[in-house]
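Trainee: This is the structure, below, for whatever I ask next.
The values are calculated or read from the model by the stated rules, or taken from the named source; none is laboratory data. Predicted model only: the values in this text are computed from it and were never measured. We place every Cβ from the backbone using ideal geometry, glycine too, and count neighbours over all the protein chains shown. Surface accessibility is based on the protein's heavy atoms, side chains included, excluding ligands, DNA and RNA. Shrake-Rupley method; radii C 1.70, N 1.55, O 1.52, S 1.80 Å.
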Amino acid sequence: QQQVKQSPQSLIVQKGGIPIINCAYENTAFDYFPWYQQFPGKGPALLIAIRPDVSEKKEGRFTISFNKSAKQFSLHIMDSQPGDSATYFCAASNTDSWGKLQFGAGTQVVVTP
Amino acid sequence: DAGVTQSPTHLIKTRGQQVTLRCSPKSGHDTVSWYQQALGQGPQFIFQYYEEEERQRGNFPDRFSGHQFPNYSSELNVNALLLGDSALYLCASSSYRGSHYNEQFFGPGTRLTVL
């Protein structure tokens, strides 16, 4: 049973556009929500993370929006660039699980020039 | 400062064989987690080691075992390999400081192919 559901599976945007990736979770015990970026042949790299006590977090061109009541969170990539073309994963974990990350299935983002 | 390192980079085995993958955590980190990533899917948690003990385990059979050494490095062993074990095996390290909001940093992975 997948505990974190991610959508869409893939998306294509033009340079400067704002790709938006959405994730939903069921386990209300989750209290840490990171996003990872993965390029082909590489391991995932941590982009940005949020805790449920805030509704939004920005780091550079990446923004996480968090809706605790809806059990949803999303990643926005502002002013996207071709170099942002990668697979993005949302994840979640809770304090009682020693940081065990539950990942979404991933979204392949392609930014065209 | 070296990040998380893993060896080997690629490995090809046949069904029924055994394999050992190795991981060195990022400097200053004491916790190592292992994940399996099948092609086109998100990483799946295998297990986590802290203070040389397995602390958490995901839904993987006993064929998957591990070890953590006093220098915090870790090994993942898989016995009786199946075709379905073909995947990218990722090691992630973090630092436990009494809080679980600790970032996990991933290595480049070991690509295992079982023929």
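Trainee: Looking at A:Ile12, A:Ile21, which one is surrounded by fewer than 17 Cβ atoms within 10 Å (Cβ to Cβ), over 30 Å from B:Ser7 (Cβ atoms) and in contact (Cβ under 8 Å) with a residue 60 or more places away in the chain?
Mentor: Values: A:Ile21 fails: surrounded by fewer than 17 Cβ atoms within 10 Å (Cβ to Cβ).
Answer to the check: A:Ile12.
Trainee: Right, another one. Of all the strands (runs of 3 or more DSSP E) wholly in segment A:1-68, which have at least 2 residues that are aliphatic (A, V, I, L, M) and within 11 Å of chain B (Cβ to nearest Cβ)? Step through it out loud before you land on a result.
Mentor: Numbers: elements: A:4-7, A:10-14, A:20-25, A:33-38, A:45-50, A:56-59, A:62-67.
Filter on segment A:1-68 gives A:45-50.
Let's see how each residue does on (1) touching a helix residue (DSSP H, G or I) at 6+ places or on another chain (Cβ under 6 Å); (2) assigned to a helix (DSSP H, G or I); (3) at the interface with chain A (Cβ under 10 Å from one of its Cβ atoms); (4) open to solvent by 60 Å² or more (accessible area, probe 1.4 Å):
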position: B:Asp62; (1), (2), (3), (4): no, no, no, yes
position: B:Leu81; (1), (2), (3), (4): no, no, no, no
position: B:Ala92; (1), (2), (3), (4): no, no, yes, no
position: B:Asn102; (1), (2), (3), (4): no, no, yes, no
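Trainee: Please verify whether segment B:4-16 includes one or more residues that are surrounded by fewer than 20 Cβ atoms within 10 Å (Cβ to Cβ), within 11 Å of chain A (Cβ to nearest Cβ) and under 12 Å from B:His67 (Cα atoms).
Mentor: no
Trainee: Name the pairs: first residue in segment B:28-40 and touching a residue at least 40 places away in the same chain (Cβ under 8 Å), second residue surrounded by 20 or more Cβ atoms within 10 Å (Cβ to Cβ) and part of a loop (DSSP other than H, G, I, E, B), Cβ to Cβ under 6 Å, at least 6 apart or on different chains?
Mentor: Close Cβ pairs (under 6 Å, with a partner that is surrounded by 20 or more Cβ atoms within 10 Å (Cβ to Cβ) and part of a loop (DSSP other than H, G, I, E, B)) amount to B:Asp30/B:Tyr72; B:Val32/B:Pro25; B:Tyr35/B:Pro43; B:Gln37/B:Pro43.
Trainee: Here is a follow-up. Return the total of residues in segment A:71-105 being farther than 29 Å from B:Asp30 by Cβ, within 16 Å of the chain's Cα centre (by Cα) and either in contact (Cβ under 8 Å) with a residue 60 or more places away in the chain or assigned to a helix (DSSP H, G or I) (or both).
Mentor: Residues flagged as farther than 29 Å from B:Asp30 by Cβ, within 16 Å of the chain's Cα centre (by Cα) and either in contact (Cβ under 8 Å) with a residue 60 or more places away in the chain or assigned to a helix (DSSP H, G or I) (or both) within segment A:71-105 amount to 4.
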